[in-house]
Amino acid sequence: MEALQAQSKGENTFEGGINNGTPNFYIQDSQSSDEYGFDTFDYPALSMGKGWVAYGDNGGGNTNMLANYRNNQLTRAVGTKFQKYASGWSDIGTALTNTDWDSTNFNNKIIMTNGSDNVKYFDGTTFGDLSANALKGKFITNNTIRVYIGNISGKEDWIYFSKYLDETNW
């Protein structure tokens, strides 16, 4: 019996373009059915990180969320505070529930939820409640046109979404 030859696959640049007129099973290897955000200019993508870095002190509590705001600012929920880093941690919001938070960046805001507090946002200068009708879920994400919140108390397996390009309208 003849041994099978190993085939290696490299990076796919999808030079065949987007093909959304054919079922995914039948598209060619060089095509994609629907993609967003692929960057093939920095290939190879594998690189070494700079290792452990200390960014100030622990803030006096457990870090419940560590997230980027846009592409240039580090934020965290620590204890009952929300903070941003700029050569040191500074408080942006206080009196929050000391629990795990989840976040997503959408429409130039970082939007945060924890299932207990009102859904919060930070736009670089203002921190506050996102909307009176935003649901208090434990998980949040977006797909560039809507924000999705899930795991609402009593409806843990439901996912709710905002209006098209409007994170304040639920």
**OP:** Scan segment 128-138 and give yes if some residue there is among the acidic types (Asp, Glu), modelled with pLDDT of 95 or more and not in a loop (DSSP other than H, G, I, E, B), otherwise no.
**Re:** yes
**OP:** Scan segment 120-135 for residues that are under 13 Å from THR168 (Cα atoms) and either open to solvent by 70 Å² or more (accessible area, probe 1.4 Å) or over 17 Å from the mean Cα position of the chain (by Cα) (or both) and jot them down.
**Re:** GLY128, ASP129, SER131, ALA132, ASN133, ALA134, LEU135
**OP:** Considering each of GLY16, GLY59, GLY51 in turn, give the residue that is more than 29 Å from THR144 (Cβ to Cβ) and either surrounded by 12 or more Cβ atoms within 10 Å (Cβ to Cβ) or at pLDDT 70 or above (or both).
**Re:** GLY59
Original post:
Name the pairs whose Cβ atoms lie under 9 Å apart, with the first residue in segment 96-118 and free of Cβ contacts under 8 Å to residues at least 60 places away in the same chain and within 12 Å of ASN68 (Cα to Cα), the second open to solvent by less than 50 Å² (accessible area, probe 1.4 Å) and of a type in the set (Asp, Glu), and 6 or more positions between them or separate chains?
Top reply: LYS109/GLU167; ILE111/GLU167; MET112/ASP102
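Given the options ASP102, ASP117, name the one that is open to solvent by less than 40 Å² (accessible area, probe 1.4 Å) and at pLDDT 95 or above.
Just a single option satisfies the conditions, and that option is ASP117.
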Subject >> Residue check for THR141: surrounded by 13 or more Cβ atoms within 10 Å (Cβ to Cβ) and either in a loop (DSSP other than H, G, I, E, B) or among the hydroxyl-bearing types (Ser, Thr, Tyr) (or both) >> reply: yes
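The values are calculated or read from the model by the stated rules, or taken from the named source; none is laboratory data. These numbers were taken from a predicted model, which means no experiment stands behind them. Glycine gets a Cβ as well: all are built from the backbone with ideal geometry, and neighbour counts include every protein chain shown. Just the protein is used for accessible areas: all its heavy atoms, side chains included, with ligands, DNA and RNA removed. Shrake-Rupley method; radii C 1.70, N 1.55, O 1.52, S 1.80 Å.
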